[in-house]
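The values are calculated or read from the model by the stated rules, or taken from the named source; none is laboratory data. Quick caveat: nothing in here was measured; it's all calculated off a predicted structure. Every residue, glycine among them, receives a Cβ derived from its backbone with ideal geometry; neighbour counts consider all protein chains shown.
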Amino acid sequence: MSKDVDPIYREVGQRIRKWRKVAGWTQHELAEQIDMLRSTLANIESGRQRTSLHLLQRIADVLGLGVADLLPTGRAIPEIQYPKRPDLEAEVRELKAQLTKAHGDLAALRRRVIRAVRDQPELESNTDALHTV
């Protein structure tokens, strides 16, 4: 297969071909149902021709599928260079530590405010509101 073929469109074409064959249809029969030339469908199935979203929707409808069934998911295309992800475990640990510290800081601040209000009798009636924070 040509290196000029975009791997995403090649994968979409392979999925169209797979579902067409599962339905037991020839290229000619499917092309006729979606009002296109058989050669156009052949080019789409090989990935040589890009398909529009409205045409992809028509193909999915005729095959009794959703458009998502024709689209690649996850890491289905190995040639595409996906961005490297940082060490997620380390990032999660760091975020948990920050959250724990922030929670502790908030609890300490809340205790300080309650003590300050209790030290001033004229504000003591407001402490009930602080317990809901």
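Key figures
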| quantity | calculated |
| --- | --- |
| Selection status of residue 60, free of Cβ contacts under 8 Å to residues at least 12 places away in the same chain and touching a helix residue (DSSP H, G or I) at 6+ places or on another chain (Cβ under 8 Å) | yes |
| Selection status of residue 59, more than 19 Å from residue 17 (Cβ to Cβ) and either over 23 Å from the mean Cα position of the chain (by Cα) or at pLDDT 80 or above (or both) | no |
| Selection within the stretch 62-106 - of a type in the set (Ser, Thr, Tyr) and either at pLDDT below 85 or within 30 Å of residue 44 (Cβ to Cβ) (or both) | 73, 82 |
| Any hit, the stretch 126-133, residues being hydrophobic (A, V, I, L, M, F, W, C) and either surrounded by fewer than 11 Cβ atoms within 10 Å (Cβ to Cβ) or at pLDDT 65 or above (or both) | yes |
| Complete set of residues in the stretch 1-24 that are outside any helix (DSSP H, G or I) and hydrophobic (A, V, I, L, M, F, W, C) | 1, 5, 23 |
| The stretch 25-40, subset assigned to a loop (DSSP other than H, G, I, E, B) and among the aliphatic types (A, V, I, L, M), residue nearest to the chain's Cα centre (by Cα) | 34 |
